[in-house]
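Worksheet: one structure, shown below.
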Amino acid sequence: MTQMKERLVQLEVLRYNPDTDTEAHFQRYEVTCYEEGVVLDALNKIKADIDPTLNFRWSCHMAVCGSCGMMINGEPKLSCHTFLREYEGVIRVEPLTHFPIERDLVTAPDDFMEKLKRVKPYIIPKEDKPISEGEYKQTPAQLMKFRQYSMCINCMLCYAACPQYGLTPEFIGPAALTMAHRYNQDSRDGGRKERQEVVATHEGVWECTFVGACSEVCPAHVDPASALQQMKITSSIDWIVEHMIPGGKK
Amino acid sequence: MSRRPLVREVPPTSWYFRHPRYLRYMSREITSIFVGAYCLLLVVGLQRLASGPTAWEGFLLGLRSADSIVFHLLALAAAVYHATTWFNATQKAMPIQIGEDFVPGNVISGAHYVVWVVLSFAILFLVGVF
Ligand code: SF4
Ligand code: FES
């Protein structure tokens, strides 16, 4: 068996203890990790061998659960998906920006969860039919219309990247609005009108100025920026139909 | 014992220095100042034209000044940058689905460039350049 190569990794991790600290501070660690390792491996090694008080969230270690998001050298990333070999020198690890720090690298996701709920991220059937009539069917083309937007893993990297969310915390934000779009685009869904009450508002898509950072950092290639721009167009069409076409008011 | 989550403020005026992609965004936003200023110049020109031949001649003379030429070059660069970033963004805002597939993004953006060139030539033709 070939020997796995190892490398010495230096990390600078932002620490915050809500019981004792008023400010966060950086702490330097040095660990030896496998050459093929990811930042999460280094953190786990630190926790196991050096400092059991270090806190961070993770679960799947394969970029599907969305819980290990953090800032790595200033960039929002999944730590289980960020290879150590791509970095030279000290790697700076911080909790996701724009979210309150609960402890060390653990942030409070409550605001995002609340917003996600507000866009009604579930199918609101066009017409209810009894179970005896069978399933709601969908063609592959109808599926493709929203498939990309259904790949979101709720990692909140897009919120950490979005300066509008940082500056205006009321903004519903990229992932939640994209979820609204995902269901609006679904042939089985009839809930668009209800969602528009959240989507087509100042806190909704109109807070977005198309910085595009969300799409650049999204690890699941959801492209939230595209969903938001499309919703701006359809919301504008709604407005024109309502206000400028005689008899268009619903 | 207080267990407060730590809220970090976003600097309201200097946040765009935090990442190159924010600077890129701000530079795109700033181009709109030049585009706006050029529109204003056109309005002033119309107003001069309406005030008679001497006012119009004066306006034309002003356009030939070095300052004016520098401004026009800057405004042109800003407008081109703004237009290209806009055209490149159209593929996100207006995807076209045919059956199960999407038309490739560069076809959608490319179509905008083609229309841009055609319209530009049409205008040049109308003002008698050819
Ligand atoms: S849209 Fe992308 S970046 Fe945002 S929460 Fe979903 S997977 Fe994460
Ligand atoms: S641990 Fe699940 S996405 Fe990283």
- Task: Mind checking which lysines have their Cα closer than 29 Å to the Cα of A:Lys145? Skip sequence neighbours fewer than 8 apart in that chain.
- Result: A:Lys77, A:Lys115, A:Lys117, A:Lys120, A:Lys126, A:Lys129, A:Lys137, A:Lys193, A:Lys232, A:Lys249, A:Lys250, B:Lys92
- When chain B is treated as a Gaussian network with springs between alpha carbons less than 10 Å apart, the largest mean-square fluctuation among B:Val35, B:Val117, B:Val80 is found at B:Val117
- Candidates A:Leu177, A:Leu143, A:Leu157, ranked by Gaussian network fluctuation over chain A, Cα under 10 Å, top entry: A:Leu143
- Message: At a cut-off of 40 Å², which residues of region A:1-35 become less accessible once all protein chains are present than in their chain alone, using a 1.4 Å probe?
- Response: A:Tyr16, A:Pro18, A:Asp19
- Give me the compactness ratio for region A:6-107, meaning the Cα radius of gyration over 2.2 N^0.38 Å. 0.99
- Query: What full-extension length gain, to one decimal in nm, is calculated for A:Asp51 and A:Asp238 as 0.36 nm per residue of separation minus the Cα-Cα distance?
  - Reply: 61.7 nm
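Quick check: convex hull over the Cα atoms of the protein assembly as shown, volume per residue in Å³, rounded to an integer? Can you show the working numbers first?
Details: hull volume 101.1 nm³, N = 380.
Given the Cα convex hull of the protein assembly as shown, per-residue volume reads 266 Å³.
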- Item | Buried on assembly, region A:81-102 (at least 30 Å² less accessible surface than by itself, 1.4 Å probe) | A:His98, A:Pro100, A:Ile101
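What is the calculated FRET efficiency for A:Ser132 to A:Arg188, with r their C-beta to C-beta distance and R₀ = 25 Å, to the nearest 0.05?
The value I calculate is 0.90.
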- Other-chain or far-sequence residues with amide H under 5 Å of A:Ile91's (modelled H): A:Gln10, A:Leu11, A:Glu12
- Query: Out of region B:1-110, which GluC sites (Glu not before Pro) are coil in DSSP terms and have no more than 14 other C-beta atoms within 10 Å?
  - Reply: B:Glu9, B:Glu100
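Write down the Å³ per residue value for the convex hull defined by the alpha carbon atoms of region A:110-243.
Numbers: hull volume 15.8 nm³, N = 134.
Convex hull volume per residue, Cα atoms: 118 Å³.
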- Item | Karplus (6.51, -1.76, 1.60) ³J(HN,Hα), θ = phi - 60°, over region A:203-219, in Hz, Gly and Pro reported as x | 6, x, 4, 6, 7, 6, 10, 6, 5, x, 5, 3, 5, 5, 9, 4, x
- Take each complete run of DSSP H in chain B, measure how far its Cα atoms stretch along the helix's own axis, and keep only those covering 30 Å or more with mean Kyte-Doolittle hydropathy at least 1.0; list them. B:105-126
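State in Å² the accessible area per residue of chain B; use a 1.4 Å probe, count heavy atoms of protein chains only, and round to the nearest integer.
Working: 9280 Å² over 130 residues.
So chain B comes to 71 Å² accessible per residue, rounded to a whole number.
How big is the B/A interface in buried accessible area, both sides summed, 1.4 Å probe, to the nearest 100 Å²? Please report the intermediate quantities before stating the final value.
Working: alone 10720 and 13830 Å², together 21820 Å².
So the total buried area for this chain pair works out to about 2700 Å².
Which whole number gives the average, over all residues in B:3-15, of C-beta atoms from other chains lying within 10 Å of the residue C-beta? Write out the running numbers ahead of the final one.
Working: counts 5, 8, 11, 15, 6, 12, 1, 8, 2, 2, 0, 0, 4.
Mean shielding count: 6.
The values are calculated or read from the model by the stated rules, or taken from the named source; none is laboratory data. Treat the numbers as computed from the prediction; the structure is a model and nothing was measured. Counting neighbours? That spans all protein chains shown, and the Cβs are built from the backbone with ideal geometry, glycine included. Protein only, heavy atoms only, side chains kept; ligands, DNA and RNA dropped before computing areas. Shrake-Rupley method; radii C 1.70, N 1.55, O 1.52, S 1.80 Å.
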